[in-house]
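Just below is one structure, and these are the notes that go with it.
Just so you know, all these numbers are worked out from the coordinates, no wet-lab data involved. Note that the structure is predicted; figures quoted are calculated from it, not measured. Positions of Cβ are generated from backbone atoms using ideal geometry, with glycine treated the same way; all protein chains shown enter the neighbour counts.
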Amino acid sequence: MSNGYTLDTNILINLNRLYPRDIFPTLWEYLEMLVDVEWACICSEVLVEVKRGGDELHTWAKDLPGFVCDLTAGEPATVAAISAEHPGWVRETQNAADPWLIAHAIAHDRTIVSEERQAGPGVEDRNQKVPNVAAEHSVECIKFFELARRQSWRF
């Protein structure tokens, strides 16, 4: 069993676009409660990706106490190992946070929450997906609705 969840950038972007706070406040309150009890977080590289959106989502994420977890000493080495295993995966800003997301989940024994679908066998590095690489490192990866089910959220 994991020690909580670390969220991929696509989770935050989808929540912001599809379930805006002014219409779905309870959903956001549930997420904030998970953060408050240190059961959900993001790594700093996910925050960097969120910032590119240039909207209120970045302000919310950076200002939510405890949401952005500190980098551990071992995470850079894990990112380097993942990057060496999949040299074509990260290209400039594309997928830039993904190795950090996985390293963060490993370091904190967390389940990744991402809407990415696992790619088929033999996929080229440039088309690699978070669930594939996470599985290589024995990290569980679930979708947002599975998080909601596990937490027994009802709206």
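Summing charges over all other residues whose Cβ lies under 14 Å from the Cβ of Val46, with Lys and Arg as +1 and Asp and Glu as -1, gives -4. For the chain, what class follows from the C-alpha gyration tensor (a ≥ b ≥ c being the square roots of its eigenvalues): rounded when a/c is under 1.5, otherwise prolate if a/b is larger than b/c, else oblate? Verdict is prolate for the chain. Legend note: in the chain, cysteines whose Cβ sits 4.7 Å or more from every other cysteine Cβ are Cys43, Cys141. Whole-Hz Karplus values for segment 42-59 come out as 10, 8, 4, 5, 5, 4, 4, 5, 5, 4, 4, x, x, 10, 5, 4, 4, 4 Hz, taken residue by residue from phi with 6.51 cos²θ - 1.76 cosθ + 1.60 and θ = phi - 60°; glycine and proline positions read x.
Return the percentage of antiparallel bridges among DSSP beta bridges fully within segment 5-150, rounded to the nearest 5 %. Given both bridge residues lie in segment 5-150, the antiparallel proportion sits at roughly 10 percent.
Applied to segment 108-121, the Karplus parametrisation 6.51 cos²θ - 1.76 cosθ + 1.60 on θ = phi - 60° returns per-residue 3J(HN,Hα) values of 9, 6, 10, 8, 7, 10, 8, 8, 5, 9, 5, 7, x, x Hz, with x for Gly and Pro. Its DSSP H runs of at least 4 residues, each contributing -39,500 (n - 2.57), put the calculated 222 nm mean residue ellipticity of the chain at -13500 deg cm²/dmol, to the nearest 500. Hey, what D do you get for segment 55-118 in µm²/s if you plug the Kirkwood alpha-carbon radius into Stokes-Einstein at 10 °C and 1.306 mPa s? Using the Kirkwood radius from Cα pairs, D works out to 120 µm²/s.
Approximating the spin labels as points 7 Å out from Cα along Cα→Cβ, the Gln118-to-Arg150 distance works out to 1.5 nm.
Rounded to the nearest 10 degrees, the angle from helix 9-18 to the longest Cα principal axis of the chain is 40 degrees.
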